[in-house]
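The values are calculated or read from the model by the stated rules, or taken from the named source; none is laboratory data. Everything numeric in this text was worked out from a predicted model, so none of it was measured. When we count neighbours, we look across all protein chains shown, and the Cβ atoms used for this are built from the backbone with ideal geometry, even at glycine.
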Amino acid sequence: MSNIDLEAKIPNNVSLGSDKKLQRALEEWQPNYIAWWKDMGPAGFQEKDVWLRTAISVDAEGWANFDYVQMPDYRWGIFLADPIANRTIGFGDNIGQPIWDVVPGEHRNTLRRLIVTQGDTEPASVEQQRLLGLTAPSLYDLRNLFQVNVEEGRHLWAMVYLLHSYFGRDGREEAEELLQRRSGNADKPRILGAFNAPIDNWLDFFMFTMFTDRDGKYQLLALAESGFDPLSRTTRFMLTEEAHHMFVGETGVERVVARTAELMKLDPNGDARAQGGIPLEMVQKHLNLWYTLSLDLFGSEVSSNAASYFAAGLKGRAKESTYEDHKALDGTYRMSLLKDGAVTEDDVPLRNAMNEVLRDEYADDCQRGVDRWNKRLAESEIAFRFALPSKRFHRHIGLYANMPFSPDGRLLSQGEYDKHKDQWIPNEADRAYVRSLMQPVTEPGKIANWLGKPKSGIKGLPFEYEYVRL
Ligand code: BYC
């Protein structure tokens, strides 16, 4: 069990105190991070007491402490999961060899790039969600938003620790740049597409935490397999925190659905909108948007990058140990491809298909969430059912990028696609309507009309608890 230093300027279990140079470098980055947080973190609530959990160890039991804290004082720490004794590289050409405790020279650039890409998403999401607190539907939701935000901040710390520790001056420069790019800024955008899309309402926030954080889960699972052990250990612990983020998303949408179902029952014409709710068709459009933006985050269907990450032992499959063949040299993976403008099924060499393998596991996981929402509808005796759109619909990366596919996966003419797009993806009028519902509710125990209450509060506390002291 690693030593935990909670009193240090930067709480950590990586013996930071014994490496003065590294400690100094991170302590120099710290005020820049705080300045970024104050500038780009949650607007309007920095001086409020928020009932937050803070990671204080990596024990499966009791790794977190819950208390009121003002966000700029949050104890962002560096925590790596405990090492696994005698761990060896679990896949690719170097299978069976000892894991790396330092960065192998030949993989330095690739690893840095993977770590920077991962790191970039964390502050990006905080920036995207910056204004949401001002329209929170309840104190419970407000607190959950801030919980997600501070933990994305900690995940940035996790990646910055790796950059500072293992990549010298380049790493320190990258760490600075992680604080310079801005979500949605045309001149200095965040690296990946979905992290530049606006999140200006709570339905998008719930969809983001359902679908985009779930991409995070799968990318982190794949990186947790890495032969570069510090990356593996840090991502393993990040996954512990990530679970709550997806909970916020999945139950958030479920509560929208439950409330819409109630309002439909209340209305003489079964019209949720007439009662100030979000119609199910509109929820489906937001689902379409965030699911497809998140599909893009897995990269191209056929990817030589993915093949070389796998070959080198840098990035595996999620839960690599559940597969039989860890070399993936002979296998193939069946996927839909485009040939002469038509969709066909074909076999792709397995290593080149690793992005698609991960994307398919992700899609199955998303489907389980959608099934739970549909169960809610069935219980309410409502005929509507949600569906994940085709993986070809509304894509911006890979084989199907910018091609006019319908949600059920048919290739349309551009004209036909443009004619229907407003029925599939939130249009301006939809956005204006959803925004009009976003009125803050800040009294303990109260909730906005468009959203259902959660089954319980946080950590055994009631929903009525004063999660944020205003
Ligand atoms: N947007 O072979 P390709 C999270 C680029 S979320 C823009 O297709 P590859 C979180 C690609 O970089 C998880 N560009 O892709 C969630 C490449 O560029 P170059 C984040 C994209 O390399 C919520 C080119 O296209 N973690 O943690 O196999 C809140 C062709 O490359 C995109 C990671 O992503 C895109 N969507 O895979 C907070 C893990 N996709 O070389 C946090 C680290 C591809 O031509 N990243 N490109 O300049 C990776 O493993 C890989 O970089 C990717 C791409 C999976 C993203």
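When segment 9-38 is filtered for residues that are among the basic types (Lys, Arg), more than 24 Å from the chain's Cα centre (by Cα) and in a helix (DSSP H, G or I), the ones remaining, listed by number, are Lys20, Lys21, Arg24. Here Asp141, Asp73, Asp120 are screened, and the one residue that is free of Cβ contacts under 8 Å to residues at least 12 places away in the same chain and within 19 Å of Glu241 (Cβ to Cβ) is Asp73.
Name the single residue, out of those in segment 72-103 being among the acidic types (Asp, Glu) and part of a loop (DSSP other than H, G, I, E, B), that is farthest from Lys327 (Cα to Cα). Selected residue: Asp82.
The set of residues in segment 264-308 that are buried (at least 21 other Cβ atoms within 10 Å of the Cβ) and either farther than 30 Å from Arg359 by Cβ or of a type in the set (Phe, Trp, Tyr) (or both) comprises Met264, Ala272, Gly277, Trp290, Tyr291, Phe298. Asp187 meets each of the listed conditions (1) in contact with a helix residue (DSSP H, G or I) (Cβ under 9 Å, 6 or more places away or on another chain); (2) not in a helix (DSSP H, G or I) apart from (1). Among the numbered conditions (1) more than 18 Å from Phe310 (Cα to Cα); (2) near the ligand (Cβ under 10 Å from one of its atoms); (3) modelled with pLDDT of 95 or more; (4) surrounded by fewer than 24 Cβ atoms within 10 Å (Cβ to Cβ), tell me where Thr212 comes up short. Result: Thr212 passes all but (4). For first residues located in segment 388-405 and more than 20 Å from Met210 (Cβ to Cβ), partners that are aromatic (Phe, Trp, Tyr) and lie 6+ apart or on another chain with Cβ distances below 6 Å form the pairs Arg392/Tyr400; Arg392/Phe405; Pro404/Tyr417; Phe405/Phe393.
When segment 162-198 is filtered for residues that are in contact (Cβ under 8 Å) with a residue 60 or more places away in the chain, hydrophobic (A, V, I, L, M, F, W, C) and under 20 Å from Asp296 (Cβ atoms), the ones remaining, listed by number, are Ile191, Leu192, Ala194, Phe195, Ala197. Residue by residue through segment 105-135, note down the ones that are within 11 Å of the ligand (Cβ to nearest atom) and among the hydroxyl-bearing types (Ser, Thr, Tyr). Across segment 105-135, the qualifying residues are Thr110, Thr117, Thr121, Ser125. Of the residues examined, Ser436 is one that is assigned to a helix (DSSP H, G or I), free of Cβ contacts under 8 Å to residues at least 40 places away in the same chain and more than 19 Å from Asp49 (Cβ to Cβ).
When Ala243, Ala222 are screened for being within 15 Å of the ligand (Cβ to nearest atom), in a helix (DSSP H, G or I) and buried (at least 24 other Cβ atoms within 10 Å of the Cβ), only Ala222 passes.
Counting residues in segment 420-433 that are touching a helix residue (DSSP H, G or I) at 6+ places or on another chain (Cβ under 9 Å), of a type in the set (Phe, Trp, Tyr), closer than 30 Å to Ser303 by Cα and in contact (Cβ under 8 Å) with a residue 24 or more places away in the chain gives one or more. The lone criterion from (1) within 30 Å of Ile115 (Cβ to Cβ); (2) surrounded by fewer than 17 Cβ atoms within 10 Å (Cβ to Cβ); (3) of a type in the set (A, V, I, L, M) left unmet by Met335 is number (2).
Checked against (1) more than 11 Å from the ligand (Cβ to nearest atom); (2) in a loop (DSSP other than H, G, I, E, B); (3) among the charged types (D, E, K, R); (4) touching a residue at least 12 places away in the same chain (Cβ under 8 Å), Lys315 passes all but a single condition, namely (1).
Among the residues of segment 344-373, the ones that are buried (at least 17 other Cβ atoms within 10 Å of the Cβ) and over 30 Å from Ala306 (Cα atoms) come to 1 in all.
Residues are listed down the side, and each one gets a yes or a no for (1) surrounded by 15 or more Cβ atoms within 10 Å (Cβ to Cβ); (2) closer than 25 Å to Ser125 by Cβ:
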{"site": "Ala35", "(1), (2)": "no, yes"}
{"site": "Val50", "(1), (2)": "yes, yes"}
{"site": "Ala60", "(1), (2)": "no, no"}
{"site": "Phe79", "(1), (2)": "yes, yes"}
{"site": "Asn86", "(1), (2)": "no, no"}
{"site": "Trp100", "(1), (2)": "yes, no"}
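Can you spot a residue in segment 217-226 that is of a type outside the set (Asp, Glu), under 25 Å from Ser456 (Cβ atoms) and out of contact with any Phe, Trp or Tyr (no Cβ under 6 Å at 6 or more places or on another chain)? For segment 217-226, residues of a type outside the set (Asp, Glu), under 25 Å from Ser456 (Cβ atoms) and out of contact with any Phe, Trp or Tyr (no Cβ under 6 Å at 6 or more places or on another chain): present. Within the bounds of segment 284-293, is there any residue that is near the ligand (Cβ under 10 Å from one of its atoms), within 30 Å of Val103 (Cα to Cα) and either part of a loop (DSSP other than H, G, I, E, B) or in contact (Cβ under 8 Å) with a residue 12 or more places away in the chain (or both)? No, segment 284-293 contains no residue that is near the ligand (Cβ under 10 Å from one of its atoms), within 30 Å of Val103 (Cα to Cα) and either part of a loop (DSSP other than H, G, I, E, B) or in contact (Cβ under 8 Å) with a residue 12 or more places away in the chain (or both).
A quick yes/no check of all residues on (1) within 16 Å of the ligand (Cβ to nearest atom); (2) on the phi < 0 side of the Ramachandran plot; (3) in a helix (DSSP H, G or I):
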position	(1), (2), (3)
Met354	yes, yes, yes
Cys366	yes, yes, yes
Arg372	no, yes, yes
Ala378	no, yes, yes
Ala383	no, yes, no
Arg392	yes, yes, no
Tyr400	yes, yes, no
